[in-house]
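Participant: Before I ask anything, let me first share the structure, which is written out below as structure tokens.
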Amino acid sequence: MGEPRPIEEDISQDRQAQLLTSTGNGPTVGNEEELLAAEFGPADADGVYGAPADPGADTAEDGDEPRQLGKNTGGLEKMIQAMEAWLGTGEPNAIQAWYRERNGSAYTGNWPWCDATVTNAAFTSDNYDAVCFGTDYAYTVAHAARFDAAKQWTPMTNGILKSGIRRGDIIFFDWDGSSSIGAIDHVGVVTSVSTDGQYVYTIEGNTANVCARRVRVVHDIAGYGRPKYQTPTGVTATTPARYQVTINKLVYGYGAKGGHITAVRNALTKDGFGKNATTEASWSDADTENFSDFQKSLGYKGTKPGQDADGVPGATSLVKLLGKLPAPAAKPKPKPVAQYEPFPGEGFFHAGRHSPIITAMGRRLVALGFGRHYTSGPGPNWTNADKANVRDFQLSRADLKGDPDGIPGPKTWAALRVPKV
């Protein structure tokens with residue numbers, strides 16, 4: 001923030017390290033826990049929203065070619081999985097150590113590691129060429145400038161929806177709200193975009209000193225770079241999309257669960273788009289294929305992940321299928337907690353005492369069936385009738401029979417549960 005940061009071609013690692021320190025590159029802002037909970041569910045015990053991917057998810061599957069670390073064979077989903085694997089990481093950490101081993105002593109100590117996280121995820125997921133152009137980045141300005149030089153940069157000047165930002169994009173931030181590359185403060189990877197265009201969901205390293213999911217608004221986004229991800233070996237254009245979207249606070253797409261998913265299945269079957277049967281409780285590839293058939297019936301084109309007929313619902317197609325957007329079930333209102341009058345003290349009950357507490361106690365005795373000594377009232381003055389009714393109440397309970405003197409003590413008062421005045 002503040003003065004523009006230098007944009008330099010062919011920037012060395014030592015120069016990146018120098019600019020990280022001298023320009024304060026890498027500060028972060030707070031997250032929006034409520035929106036994160038709506039997208040990913042409750043946080044885990046470490047405060048992380050969204051469970052990390054299976055630790056083995058970024059390894060080669062049966063039938064794949066051997067991995068080529070640092071090349072460009074991984075694809076978008078493995079980039080996301082590599083970022084997820086770092087969720088919850090604090091500092092100092094293995095990302096910094098990894099980057100230091102590769103780039104020298106200029107990266108000693110606890111330095112800003114947001115872009116080093118992106119670099120590490122790109123390298124270990126075999127997306128290094130696509131995401132980093134074959135260069136390690138710690139200085140976010142240099143990274144964004146490289147996307148710009150490759151004509152793969154889009155400034156955030158037309159709002160979130162019109163910009164076209166999507167899952168897998170490398171997102172850069174300026175907390176002062178500009179779209180200037182020289183003002184960039186921070187970087188992350190996009191996991192999804194809200195259908196109303198208000199929020200971009202991300203994973204970011206070095207955000208409040210951890211790697212975590214975040215929710216960002218248009219003001220903070222300077223722009224994004226779009227890597228040229230390759231389709232991984234063994235994955236074809238017909239592989240169903242496996243990302244999720246949040247529409248009207250409900251999650252759709254692979255793995256989503258709930259009554260709203262059942263409603264979509266029933267509607268698809270009713271309209272003749274249920275040929276791919278499934279018995280799974282959560283949204284499966286079969287659901288994606290059925291919904292893709294429905295989208296194609298509407299004239300939508302493209303079945304690859306991220307295209308209009310990829311089988312992941314959008315707000316418009318849901319309305320056409322269901323007639324309206326399902327809304328999340330209303331949270332039950334908490335039952336009112338009864339409020340009782342605290343014990344007024346040992347010396348409170350005596351002749352001449354006048355208080356609304358006495359009236360409340362008398363009404364409680366009547367409600368419990370111990371009001372036979374009242375000829376009028378009950379009222380606010382302490383009387384022999386109050387004392388006699390309290391004694392009857394005490395004698396009715398085994399735990400109070402030991403001292404049936406008609407004067408409420410702490411145990412008698414707790415048992416009476418006199419409503420608060």
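The values are calculated or read from the model by the stated rules, or taken from the named source; none is laboratory data. All values derive from a computational prediction rather than experimental measurement. Positions of Cβ are backbone-derived with ideal geometry, glycine not excepted, and every protein chain shown enters the neighbour counts. Remember, those area values only see protein heavy atoms, side chains included, never the ligands or the DNA or RNA. Shrake-Rupley method; radii C 1.70, N 1.55, O 1.52, S 1.80 Å.
Participant: Kindly indicate whether LYS301 is without any contact (Cβ under 8 Å) to a residue 60 or more places away in the chain and touching a helix residue (DSSP H, G or I) at 6+ places or on another chain (Cβ under 8 Å). Break it down into steps so the answer makes sense when it comes.
Facilitator: Details: without any contact (Cβ under 8 Å) to a residue 60 or more places away in the chain: yes; touching a helix residue (DSSP H, G or I) at 6+ places or on another chain (Cβ under 8 Å): no.
So LYS301 does not fit the description; no.
Participant: One residue is enough: does the stretch 386-397 have a residue meeting the conditions in contact with a helix residue (DSSP H, G or I) (Cβ under 7 Å, 6 or more places away or on another chain), within 20 Å of ARG417 (Cβ to Cβ) and surrounded by fewer than 15 Cβ atoms within 10 Å (Cβ to Cβ)?
Facilitator: Checking the stretch 386-397: at least one residue is in contact with a helix residue (DSSP H, G or I) (Cβ under 7 Å, 6 or more places away or on another chain), within 20 Å of ARG417 (Cβ to Cβ) and surrounded by fewer than 15 Cβ atoms within 10 Å (Cβ to Cβ).
Participant: Please specify each residue of the stretch 84-142 satisfying the condition of being among the acidic types (Asp, Glu) and assigned to a helix (DSSP H, G or I). Explain how you work it out, then say what you get.
Facilitator: Taking the stretch 84-142 as the starting set, the residues that turn out to be among the acidic types (Asp, Glu) are 84, 91, 101, 115, 126, 129, 136.
Listed by number, the residues that qualify are GLU84, GLU101, ASP115, ASP129.
Participant: Being part of a helix (DSSP H, G or I) and hydroxyl-bearing (Ser, Thr, Tyr) is the filter here; which residues of the stretch 265-299 pass it?
Facilitator: Initially, the stretch 265-299 is screened for residues part of a helix (DSSP H, G or I), giving 265-270, 285-297.
Of everything in the stretch 265-299, those that are part of a helix (DSSP H, G or I) and hydroxyl-bearing (Ser, Thr, Tyr) turn out to be THR269, THR288, SER292, SER297.
Participant: Of all residues in the stretch 112-129, which are aromatic (Phe, Trp, Tyr) and in contact with a helix residue (DSSP H, G or I) (Cβ under 6 Å, 6 or more places away or on another chain)?
Facilitator: TRP113, TYR128, listed by residue number.
Participant: Among the numbered conditions (1) of a type outside the set (A, V, I, L, M, F, W, C); (2) modelled with pLDDT of 95 or more; (3) touching a helix residue (DSSP H, G or I) at 6+ places or on another chain (Cβ under 8 Å), tell me where ASP169 comes up short.
Facilitator: (3)
Participant: Which pairs do you get when a residue that is closer than 19 Å to ASP405 by Cβ, found in the stretch 370-388, comes within reach of a residue that is part of a loop (DSSP other than H, G, I, E, B), reach meaning Cβ atoms under 6 angstrom, with the pair 6+ apart or on two chains?
Facilitator: TRP382/PHE349; TRP382/ARG353; ALA385/HIS373; ALA385/TYR374; LYS387/GLY406; ALA388/HIS373
Participant: Counting only residues that are more than 13 Å from ALA212 (Cα to Cα) and of a type in the set (Ser, Thr, Tyr), which one in the stretch 80-106 is least open to solvent (accessible area, probe 1.4 Å)?
Facilitator: TYR99
Participant: With open to solvent by 60 Å² or more (accessible area, probe 1.4 Å) and in contact with a helix residue (DSSP H, G or I) (Cβ under 7 Å, 6 or more places away or on another chain) as the only criterion, which of ALA309, ALA277, ALA267, ALA281 stands out?
Facilitator: On the way: ALA309 fails: open to solvent by 60 Å² or more (accessible area, probe 1.4 Å); ALA267 fails: open to solvent by 60 Å² or more (accessible area, probe 1.4 Å); ALA281 fails: in contact with a helix residue (DSSP H, G or I) (Cβ under 7 Å, 6 or more places away or on another chain).
Answer to the check: ALA277.
Participant: Collect the residues in the stretch 348-363 that are open to solvent by 60 Å² or more (accessible area, probe 1.4 Å) and within 19 Å of PRO410 (Cβ to Cβ), keeping them in residue-number order.
Facilitator: Initial filter on the stretch 348-363 (open to solvent by 60 Å² or more (accessible area, probe 1.4 Å)): 350-354, 356, 363.
Passing the criteria: HIS350, ARG353.
Participant: Considering every residue within the stretch 56-67, establish whether at least one is open to solvent by 30 Å² or more (accessible area, probe 1.4 Å), more than 17 Å from TYR137 (Cβ to Cβ), touching a Phe, Trp or Tyr at 6+ places or on another chain (Cβ under 8 Å) and at pLDDT 50 or above.
Facilitator: The answer is no, given that none of the residues of the stretch 56-67 is open to solvent by 30 Å² or more (accessible area, probe 1.4 Å), more than 17 Å from TYR137 (Cβ to Cβ), touching a Phe, Trp or Tyr at 6+ places or on another chain (Cβ under 8 Å) and at pLDDT 50 or above.
Participant: Turning to a different aspect of this structure: Residues to consider are ALA367, ALA330; find the one that is closer than 21 Å to LYS411 by Cα, exposed (fewer than 13 other Cβ atoms within 10 Å of the Cβ) and without any contact (Cβ under 8 Å) to a residue 24 or more places away in the chain. Break it down into steps so the answer makes sense when it comes.
Facilitator: Working: ALA330 fails: closer than 21 Å to LYS411 by Cα.
None of the other options fit; the residue is ALA367.
Participant: Yes or no: PHE343 open to solvent by less than 60 Å² (accessible area, probe 1.4 Å), among the aromatic types (Phe, Trp, Tyr) and assigned to a loop (DSSP other than H, G, I, E, B)? First the steps, then the outcome.
Facilitator: Working: open to solvent by less than 60 Å² (accessible area, probe 1.4 Å): no; among the aromatic types (Phe, Trp, Tyr): yes; assigned to a loop (DSSP other than H, G, I, E, B): yes.
So PHE343 does not fit the description; no.
Participant: Restricting attention to the stretch 107-133, report how many residues are open to solvent by 10 Å² or more (accessible area, probe 1.4 Å) and under 14 Å from TRP86 (Cα atoms). Let's see the steps before the verdict.
Facilitator: Filtering the stretch 107-133 for residues open to solvent by 10 Å² or more (accessible area, probe 1.4 Å) gives 108-112, 123-124, 128-129, 133.
Restricting the remaining residues to those that are under 14 Å from TRP86 (Cα atoms) gives 123-124.
So the count comes out to 2.
Participant: May I pose another question? So which residues in the stretch 147-162 are surrounded by fewer than 21 Cβ atoms within 10 Å (Cβ to Cβ) and either touching a strand residue (DSSP E or B) at 6+ places or on another chain (Cβ under 7 Å) or closer than 19 Å to THR117 by Cβ (or both)? Steps first, answer last, please.
Facilitator: First, pick out the residues of the stretch 147-162 that are surrounded by fewer than 21 Cβ atoms within 10 Å (Cβ to Cβ): 148-155, 157-162.
Within the stretch 147-162, GLN152, TRP153, THR154, PRO155, ILE160 meet the criteria.
Participant: Here are the criteria: (1) touching an Asp or Glu at 6+ places or on another chain (Cβ under 6 Å); (2) more than 19 Å from ARG216 (Cβ to Cβ); (3) modelled with pLDDT of 95 or more. Tell me which single one HIS143 does not satisfy.
Facilitator: (2)
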